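The structure appears right after this line, and notes come after that.
The values are calculated or read from the model by the stated rules, or taken from the named source; none is laboratory data. From a predicted model like this one, the values you see are computed outputs, not experimental measurements. No Cβ is skipped: glycine too gets one built from the backbone with ideal geometry, and neighbour counts run over all protein chains shown. When the accessible area is computed, the model is the full protein with side chains, heavy atoms only, and any ligands, DNA or RNA have been set aside. Shrake-Rupley method; radii C 1.70, N 1.55, O 1.52, S 1.80 Å.
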Amino acid sequence: AQSVAQPEDQVNVAEGNPLTVKCTYSVSGNPYLFWYVQYPNRGLQFLLKYITGDNLVKGSYGFEAEFNKSQTSFHLKKPSALVSDSALYFCAVYTGTASKLTFGTGTRLQVTL
Amino acid sequence: NAGVTQTPKFRILKIGQSMTLQCTQDMNHNYMYWYRQDPGMGLKLIYYSVGAGITDKGEVPNGYNVSRSTTEDFPLRLELAAPSQTSVYFCASGVNEQYFGPGTRLTVT
């Protein structure tokens, strides 16, 4: 069975500071890894994905994520946070054998002035 | 492109009533999904479909039914609504990179 863990319910960061939202996963086989963002009263929006290749993937709105196979992690990062980045972030994993995404419980990012 | 559309946006049901949540996508995706989102619980997969005429259960299928007669549409049926079905429901389409609808907020009282 595949699973995803987001160990932090909430991350607080000041605007202009770097941010990290953590994600670890457990799968058998090669994972496809995703980050989604959800703004209030909206559906989830795709941010970025790792399928294969370079361990550092870049996505929308200046976000990036680093795939670390040995630590089974896929942390989301941004060099300089904006207040408008405040939202709920979900990590997800997909394997071909499961034919579906498994989501983490989400991390609320709060960026303050 | 409209992407994934869902109707209604909001609904209040009385216990025991039934309703259908509609979902339509215009991206010609074979894969479609229904999730429910409860506070602090992330998304739970209710049902999914890999193509017209093919559906399968997800993690939390009890109390729900689905059908998939066309590629575009994937309605979710709630029979005999219960307070435990109060949630926000999202439809999505796509294989691994999924596209989500805006959601339906359902309250059962």
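Leaving out ligands and nucleic acids, and using a 1.4 Å probe, what accessible area per residue does the protein assembly as shown come to in Å²?
Details: 10550 Å² over 222 residues.
Here the per-residue accessible area is 48 Å².
For a modelled paramagnetic label at residue B:28, 7 Å from Cα along Cα-to-Cβ, the residues of the stretch B:67-83 in reach, with backbone nitrogen under 14 Å, are B:71-72. Of all lysines in the structure, those lying under 25 Å Cα to Cα from residue A:22, and not within fewer than 8 positions of it along the same chain, are A:49, A:58, A:69, A:77, A:78, A:100, B:44.
Here the extension length gained between residue B:38 and residue B:5 equals 9.8 nm, from 0.36 nm per residue of separation less the Cα-Cα distance. Taking B:14, B:57, B:44 as the candidate residues, the one with maximal mean-square fluctuation in a Gaussian network model of chain B, Cα springs under 10 Å, is B:14.
Among A:40, A:79, A:18, whose mean-square fluctuation peaks in a Gaussian network model of chain A (Cα, cutoff 10 Å)? Taking springs between Cα atoms under 10 Å, the residue moving most is A:40. For the peptide A:37-43, the mean number of other protein chain Cβ atoms found within 10 angstrom of a residue's Cβ is 4. For chain B, a Gaussian network of Cα nodes joined below 10 Å ranks B:27, B:41, B:19 by mean-square fluctuation, and the top entry is B:41.
With r defined as the distance between the Cβ atoms of residue B:54 and residue A:66 and R0 fixed at 30 Å, what FRET efficiency is calculated, to the nearest 0.05? Walk me through the numbers before you get to the answer.
On the way: r = 37 Å, r/R0 = 1.22.
It comes to 0.25.
For the pair the stretch A:19-93 and the stretch B:1-67, the centres of their Cα atoms are 24 angstrom apart.
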